[in-house]
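J.: Pasting in a structure now, in structure tokens, and then I'll have a few things to ask.
The values are calculated or read from the model by the stated rules, or taken from the named source; none is laboratory data. The structure displayed is predicted, hence computed values, not measured ones. No Cβ is skipped: glycine too gets one built from the backbone with ideal geometry, and neighbour counts run over all protein chains shown. To get the accessible areas, we keep the full protein, side chains included, count just its heavy atoms, and leave off ligands, DNA and RNA. Shrake-Rupley method; radii C 1.70, N 1.55, O 1.52, S 1.80 Å.
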Amino acid sequence: MAMLLHPDRLFPADPDTRSLARRLFAGIEHLPIISPHGHTDPRWWGENPAFPNPAELFVTPDHYVVRMLVSRGVPFEALGIGAGAQADPRAIWRRFAENYHVFRGTPSRLWIDHALSQVFGLEERLDADNADRHYDAIAERLADPAYRPRALYERFGIEVIATTDGALDDLAWHAAVQASGWTGRVVPTYRPDSVVDPDFEGFRANVESLGELAGCDIGHWQGYLEAHRRRRAFFRSMGATATDHGHPTPRTADLPEPQIAALYQRVLAGRAEGEDADLFRAQMLTEMARMSAEDGLVMQLHSGSFRNHSAGVFTAYGRDRGFDIPQPVSFTAALKPLLDAVGMDPRLRLILFTLDESVYARELAPLAGAYPGLLLGPPWWFHDSFEGISRYRRRVTETAGFLNTAGFNDDTRALCSIPARHDVSRRVDSAFLAELVTSHRLDEDEAHEIARLLATDLARSAYRL
């Protein structure tokens, strides 16, 4: 039987370049995993529960899997989602297995094959005929304590992992980790979207909760800002080193205080009109950047996603169901108010992510190649793939270099895909560096040094871990 994973996957076809890529990869393959931004469930780390079944590990929570299957006509309910959803995990798994062929050529196929092979020891390609055998083998292993979250953390060689936590979260699971005596490092990340976006459902109630948690009067602008400062301080006390902001666009603003105070009163009262909501989000990005310069939390900005594109899917099935779609964005003019305010402050660190690849060479690389506080995050979401990472390196390296990038992060809620994603990134980077050496743009010793930076050291430095 052929191996599920070829040892030369993603390496160049040219023999000399492939041989060099192998050597580069061998030097970084087993380095620890730095996972500074992701969406794993904090409960996994605090409670360390057994994963209930293969469907809940691989299918139902994975929006990459769900969106592809739904696009091929599989109902959400058949995947365990929504009212009247299929309750039998084996039936969900069978539907997944009989449609596994639709993932050919996608990064999901590579990630899942990696997990099946490297985590669960299965070398037969998943299909309808072997669905039950795979299910039983995985279920048997999930009952073993060696397959609980903390054990997998250690097995995968994770050095540190960050979760993404709402501004109103009590971080109880992080406290449980810290009280448990377990030596794994799990840190929270401050994600304030629900209390900075007037279009977020329940915005007013969310802001009131923010004030209550922080002990601040959110009835006025300065009290609202102070509430953020106190919540950020709480997150820092629990180990956080970063914040994260998911905005439709990277627009920023820096309004005079009377104007922003009046705008705040309108959005708080639910009287936002015209561009008020977008302008408030823009102002809050600048305020968050100021706070990052003050308290040292690294700021991440993810933009370029049209969230919940299908109103019907959002209403029936909720967020994170695969209906967030990339859209064009522009950074140069959009970030100017923020950069005029704090862009040259040596304390600021702002990591930029986008789903609009057209801005890599035109805007992001020149911006990061000029402002000392800006770094480029790795290819994100739809572009976290062999082709996506390759395009990114080719478009940003000549202008921004390597040191103005933030290394790699896996940005996943699927625990078993973490080593797979880092494996892909390290292989693609090894291939890219090998091409630079064989075309005499780098020496081999330089390539080995850069490979290590890209695999671990840049992420440690960028996120102050």
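J.: So, for the chain, what is the accessible surface per residue at a probe of 1.4 Å, expressed in square angstrom? Numbers along the way, then the final one.
T.: Values: 18630 Å² over 465 residues.
About 40 Å² of surface per residue is accessible.
J.: Out of all DSSP beta bridges in the chain, what portion is antiparallel? Express it as a percent rounded to 5.
T.: 10 percent
J.: Do the sum for the chain: with -39,500 (n - 2.57) for every DSSP H run of n ≥ 4, divided by all residues, what is the mean residue ellipticity at 222 nm, to the nearest 500 deg cm²/dmol?
T.: -13500 deg cm²/dmol
J.: Hey, another quick one. Once label points are set 7 Å from the Cα along Cα→Cβ at both GLU124 and ASP217, what is their separation, rounded to one decimal in nm?
T.: Distance between label points: 7.0 nm.
J.: Using a simple spin-label model with points 7 Å from Cα along the Cα→Cβ vector, what separation in nm is obtained for HIS6 and ARG394?
T.: 2.0 nm
J.: Taking the Cβ of TYR153 as the centre, find all other residues whose Cβ is under 11 Å away and add up their charges (Lys, Arg: +1; Asp, Glu: -1).
T.: Taking every Cβ under 11 Å from that of TYR153, the sum is +2.
J.: Something else now. Taking R0 as 25 Å, what's the FRET efficiency between GLU29 and LEU403 from their Cβ-Cβ distance, rounded to 0.05?
T.: 0.65
J.: Quick check: residue separation of ALA261 and ARG155 times 0.36 nm, minus the Cα distance between them. What number comes out in nm?
T.: Details: separation 106, 0.36 × 106 = 38.16 nm, distance 5.09 nm.
Result: 33.1 nm gained on full extension.
J.: Test of understanding: extend the Cα→C-beta vector of ASP132 to 7 Å, then name every residue of region 79-109 with backbone N under 19 Å from that spot.
T.: Only 87-100 fall inside the zone, counting backbone N under 19 Å.
J.: Can you give me the relative contact order of region 383-465 as a percent, contacts being Cα pairs under 8 Å and 6 or more apart? Let's see the in-between values first.
T.: Details: 58 pairs, mean separation 33.9, N = 83.
Rounded, it is 41 percent for region 383-465.
J.: What nm value, rounded to one decimal, do you get for the distance between GLU275 and ARG460 when each label is placed 7 Å out toward the C-beta?
T.: Placing both labels 7 Å beyond Cα along the Cβ direction yields 4.5 nm.
J.: Rounded to a whole number, what is D in µm²/s for the chain from Stokes-Einstein with the Kirkwood radius over alpha-carbon pairs (37 °C, 0.692 mPa s)?
T.: For these conditions, the coefficient is 141 µm²/s.
J.: Now a separate question. For region 301-311, in order, what is each residue's ³J(HN,Hα) by Karplus, 6.51 cos²θ - 1.76 cosθ + 1.60 with θ = phi - 60°, in whole Hz (x at glycine and Pro)?
T.: Ordered by residue, 3J(HN,Hα) equals 10, 9, 9, x, 10, 8, 6, 6, 4, 9, 4 Hz.
J.: Assuming R0 = 35 Å, can you tell me the calculated FRET efficiency for the pair ASP443 and ALA333, based on Cβ-Cβ distance, to the nearest 0.05?
T.: About 0.35, to the nearest 0.05.
J.: Mind ordering 167-174, 453-460 by average Cβ neighbours within 10 Å, highest first?
T.: Descending mean neighbour count gives 453-460, 167-174.
J.: Excluding ARG426 itself, calculate the net charge of residues whose Cβ lies under 11 Å from the Cβ of ARG426, where each Lys or Arg counts +1 and each Asp or Glu counts -1.
T.: In short, 0.
J.: Measuring from centroid to centroid over Cα atoms, what is the spacing of region 1-79 and region 188-247 in Å?
T.: Each part reduced to its Cα centre gives a spacing of 33 Å.
J.: Ok, one more. For ALA50 and ALA13, what is the calculated FRET efficiency with R₀ set at 56 Å and r taken between the beta-carbons, to the nearest 0.05?
T.: Computed FRET efficiency for ALA50 and ALA13 comes out at 0.85.
J.: Under a Cβ-Cβ cut-off of 12 Å, what is the net charge of the residues other than ASP345 that fall near it, where Lys and Arg count +1 and Asp and Glu count -1? Each step should come with its number before you reach the end.
T.: Details: positive: ARG290, ARG347, ARG349; negative: GLU294, ASP340.
That sum, taken over residues with Cβ under 12 Å, equals +1.
J.: Right, next: How much length, in nm to one decimal, is gained on full extension between GLU77 and ARG319, taken as 0.36 nm per residue of separation minus their Cα-Cα distance? List each step's numbers first, then the result.
T.: Working: separation 242, 0.36 × 242 = 87.12 nm, distance 1.53 nm.
Once the chain is fully extended between GLU77 and ARG319, it gains 85.6 nm.
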